[in-house]
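Taking it in order: structure first as structure tokens, then the write-up.
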Amino acid sequence: MSQTDIRTKIMTELTLYNSLKREKEVFKPMDPKRVTMYNCGPTVYSYAHIGNARAAVVADVLFRVLRHIYGKDCVKYARNLTDVDDKIIAAAKETGFPMYEITEKFAKIYQDDLAALNCLPPTSEPKATEHIGGMIALIETLLADGYAYESDGHVFFDVSKYDEYGQLSGNTLDALKKGDRVGEGEVARKKQSADFVLWKPERDGVGWNAPFGRGRPGWHIECSAMAKSELGETIDIHCGGVDLKFPHHENEIAQSNCAHGKPMANYWVHNEFLNMGKDKMSKSLGNVVLIRDLLKDWDGEVIRLALLKAHYRSELIWSENLLKESKKNLDDWYRVKNDCMRFAPNVKSKGNAETIDFFDDLDTPNLIKFLSDTGALQSLRNRLVHEGMTMQVQLEMQDALVIGYGIWLRTANLLGLLQKDPEDWLRGKGKEGGLSDDAIDNLIKERAEVRAAKNWSRADEIRGIFAAENIILEDGKDGTTWRRG
Ligand code: AMP
Ligand code: ZN
């Protein structure tokens with residue numbers, strides 16, 4: 001099979017569960033040279049939790065897969081930052097800091113947290129406050145075309161004007177009696193309770209001039225405007241957590257479809273919740289674990305692998321054990337990487353990977369199973385190390401190892417795993433106040449010297465220091481290597 005055949009085969013094999021159609025579909029981008037995806041990002045006024053991280057990591061895997069199939073420069077991924085919102089305004093009032101200082105600080109923290117989980121930076125990260133003009137233009141179109149109405153300083157979307165309202169979430173208009181998350185006094189101003197706000201009056205000095213009155217945008221219109229400006233009127237894939245299906249995504253669809261007369265997105269991909277026991281992890285329930293806090297004890301790759309252990313459309317129950325198990329997996333895999341790198345130092349992380357089953361709706365558990373199955377690689381490596389063999393057999397084995405290891409490594413790369421140097425990984429970070437890497441290297445040098453000088457008491461002392469610090473030495477023919485146990 002030629003390279004082109006392989007590409008074509010893989011391209012036709014990516015399927016995604018489309019929440020809008022409620023079925024799995026073969027993914028076909030509108031333009032394979034410009035594949036577009038949008039992900040609803042955070043409201044930046046506090047630290048992100050590990051449930052938020054799940055949504056970001058799932059989107060990152062999808063981004064990596066699309067780049068793998070269509071080429072790295074052919075995928076445009078926008079993830080917004082909501083930097084104007086009632087909660088931010090309240091935080092500014094409470095702390096006395098200007099709004100932008102709060103949002104800049106938490107946007108940076110969010111980006112750093114996700115980078116530690118090996119999430120690639122999206123191709124664009126639009127801020128809501130930089131797209132107010134686009135929001136106003138969209139609202140003007142909706143008003144002009146009769147989909148929206150003004151009421152006492154507010155603008156509302158009239159859901160009765162859009163026949164397909166409720167299609168994504170399955171909510172009928174009757175079921176929507178409770179309406180949207182409503183601001184103060186909004187209910188009395190609406191024609192019907194399911195209508196949602198597009199524009200609301202200035203609050204605490206936060207507002208922009210608009211033809212329909214000075215004010216600030218509703219949450220939903222932000223994403224419609226940013227997706228349009230960054231990616232276009234119709235995008236290929238829109239993602240987010242299932243909690244966003246209604247009302248957020250339902251309302252994005254209503255606004256964008258009515259303003260543009262075409263679908264907002266062709267595929268809607270939603271990740272399930274990360275749960276603490278039976279409950280969704282959420283700020284309102286007070287059961288959150290912050291990414292920031294976890295990173296103090298665990299490497300970002302461990303957290304990432306833990307997040308990928310369940311299929312994105314299944315709930316993931318968070319636990320300490322999940323982290324421990326993921327750490328153990330990665331330790332094993334890094335040992336394999338370390339061993340194989342000696343025989344296959346030039347294997348690249350780009351190229352074909354073991355993707356066929358994975359491409360069926362991003363089956364990450366299946367791919368993790370493949371990564372765990374390292375028996376064949378290890379036996380090749382063991383034979384190369386230990387067995388005397390003819391040059392011919394050795395070369396054949398080495399070829400087999402290069403091919404097998406290449407597929408294995410590139411598969412890990414699709415998941416954003418095994419991105420570190422194996423020696424660094426196996427050595428570990430070390431505890432605060434413990435021996436530094438340099439101190440360990442020096443002690444190993446000294447150990448060799450005192451042994452050569454038959455100074456056994458110092459050699460014993462050094463052995464004691466390593467034992468107390470749980471540092472494991474491995475003497476090999478190329479010298480002594482070490483890792484933290
Ligand atoms: P929020 O800041 O609450 O708007 O959430 C940002 C992203 O994280 C959205 O895509 C949410 O759907 C997602 N999200 C929030 N909580 C969870 C959770 N417990 N499990 C999975 N995804 C979540
Ligand atoms: Zn959104």
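All of the numbers you see were taken from the coordinates with simple rules; none came from a lab. Predicted model only: the values in this text are computed from it and were never measured. Don't worry about glycine lacking a Cβ; one is built from the backbone with ideal geometry, like all the others, and counts go over all protein chains shown.
How about Lys127: which lysines have a C-alpha closer than 20 Å to its C-alpha, ignoring those fewer than 8 places off in the same chain?
Within reach: Lys76, Lys87, Lys105, Lys108, Lys200, Lys228.
Whole-Hz ³J(HN,Hα) for each residue in the stretch 439-445, computed from phi via Karplus 6.51 cos²θ - 1.76 cosθ + 1.60 with θ = phi - 60°, x for glycine and proline: what do you get?
4, 5, 4, 5, 5, 5, 4
Output needed: percent of Cα pairs per 10 Å distance bin for the stretch 15-271, bins running from 0 to the one holding the longest distance.
Calculated P(r), rounded to whole percents: 7, 31, 37, 21, 4, 0.
Which trypsin sites (Lys or Arg not before Pro) in the stretch 398-485 sit in a loop by DSSP (not H, G, I, E or B) and have at most 13 other Cβ atoms within 10 Å of their own Cβ?
Those satisfying the criteria are Lys429, Lys431, Lys454, Lys477.
Compute the length gained on full extension between Tyr100 and Ser457: take 0.36 nm times their separation in residues and subtract their Cα-Cα distance, giving the result in nm to one decimal.
Computed gain between Tyr100 and Ser457 is 122.3 nm.
Taking the Cα centre of the stretch 254-355 as origin and charging only Cβ (+1 Lys, Arg; -1 Asp, Glu), how large is the dipole, in debye to the nearest 20?
With only Lys, Arg, Asp and Glu charged at Cβ, the dipole is about 280 debye.
What list of ³J(HN,Hα) values in whole Hz, one per residue of the stretch 139-155 in order, does the Karplus curve 6.51 cos²θ - 1.76 cosθ + 1.60 (θ = phi - 60°) give from phi, with Gly and Pro shown as x?
5, 4, 4, 5, 5, 4, 8, x, 8, 9, 9, 8, 7, 6, x, 10, 10
Could you give the dipole magnitude of the stretch 108-261 about its Cα centre, charging the beta-carbon of Lys and Arg +1 and that of Asp and Glu -1, in debye to the nearest 20?
It comes to approximately 360 debye.
Under the Karplus relation 6.51 cos²θ - 1.76 cosθ + 1.60, θ = phi - 60°, what is the ordered set of whole-Hz ³J(HN,Hα) values for the stretch 278-294, x standing for Gly and Pro?
8, 9, 4, 6, 7, 4, 5, 7, x, 10, 8, 10, 7, 4, 3, 6, 4
Only bridges with both residues in the chain count here: give the DSSP antiparallel percent, nearest 5.
The antiparallel fraction comes to roughly 55 percent.
Run lengths n ≥ 4 of DSSP H only: what is the helix-derived mean residue ellipticity at 222 nm for the chain, with -39500 (n - 2.57) per run over all residues, to the nearest 500?
Rounded to the nearest 500, the figure is -14500 deg cm²/dmol.
Relative contact order of the stretch 437-484, please, whole-number percent, based on alpha carbon pairs below 8 angstrom and at least 6 residues apart.
23
Could you give the length gained by full extension between Asn382 and Glu25, i.e. 0.36 nm per residue of separation minus their alpha carbon distance, to one decimal place?
Fully extending the segment from Asn382 to Glu25 adds 124.2 nm.
With unit charges on the beta carbons (Lys and Arg positive, Asp and Glu negative) and the dipole taken about the Cα centre of the stretch 44-96, which residue among Ala91, Tyr77, Val61 sits farthest to the positive side?
Farthest towards the positive pole: Val61.
Which net charge results for the neighbourhood of Glu130, defined as the other residues with beta-carbon distances under 13 angstrom from its beta-carbon, given Lys and Arg at +1 and Asp and Glu at -1?
-4
If you take every residue apart from Lys262 with its C-beta less than 12 Å away from the C-beta of Lys262, what net charge results, scoring Lys and Arg +1 and Asp and Glu -1?
0
Using amide H atoms built 1.01 Å from N in the peptide plane, name the residues 5+ places from Ser169, or on other chains, whose amide H lies under 5 Å from its own.
Residues meeting the amide H criterion: none.
If the reach is capped at under 18 angstrom between alpha carbons, list the lysines near Lys445, excluding any in the same chain fewer than eight residues apart.
Cross-link targets: Lys454, Lys477.
For a quick check: with amide H placed at 1.01 Å from N, whose amide H comes under 5 Å from Glu25's, ignoring anything fewer than 5 positions away on the same chain?
Residues meeting the amide H criterion: Leu16, Tyr17, Asn18.
With bins 10 Å wide starting at 0, give me the P(r) of the chain over every alpha carbon pair, in whole percents.
That works out to 4, 17, 24, 22, 15, 9, 5, 3, 1, 0, in percent per bin.
Towards the positive end of the charge dipole of the chain, with charges on Cβ (+1 Lys, Arg; -1 Asp, Glu), say which of Val197, Gly51, His248 has the farthest Cα.
Gly51
Test of understanding: what is the full-extension gain from Ser151 to Glu449, defined as 0.36 nm times their sequence separation minus their Cα-Cα distance?
Between Ser151 and Glu449, full extension yields an extra 98.8 nm.
Among Met341, Leu322, Met276, flag the residue with its Cα farthest along the positive direction of the charge dipole of the stretch 252-357, charges on Cβ as +1 for Lys/Arg and -1 for Asp/Glu.
Going by the charge dipole, the pick is Met341.
Taking R0 as 60 Å, what FRET efficiency do you get between Ala188 and Leu295 from their Cβ-Cβ distance, rounded to the nearest 0.05?
Computed FRET efficiency for Ala188 and Leu295 comes out at 0.85.
So for the stretch 291-427, what are the equivalent ellipsoid semi-axes in whole Å, largest first, each being the square root of 5 times an eigenvalue of the Cα gyration tensor?
Gyration-tensor ellipsoid for the stretch 291-427: 29, 17, 12 Å.
Which percent, to the nearest 5, of DSSP beta bridges fully inside the stretch 15-271 are antiparallel?
50
Amide H to amide H under 5 Å from Asn275: which residues, 5+ apart in sequence or cross-chain, H placed 1.01 Å off N in plane?
Residues meeting the amide H criterion: Met281, Leu316, Ile317, Trp318.
Once each part is reduced to its C-alpha centroid, what is the distance from the stretch 234-306 to the stretch 447-485 in angstrom?
50
Hey, what did the stretch 291-427 get for relative contact order, percent, Cα under 8 Å, at least 6 apart?
With pairs under 8 Å counted, the relative contact order is 35 percent.
Over the chain, what is the relative contact order in percent, taking alpha-carbon pairs closer than 8 angstrom and at least six residues apart?
For the chain, the relative contact order is 16 percent.
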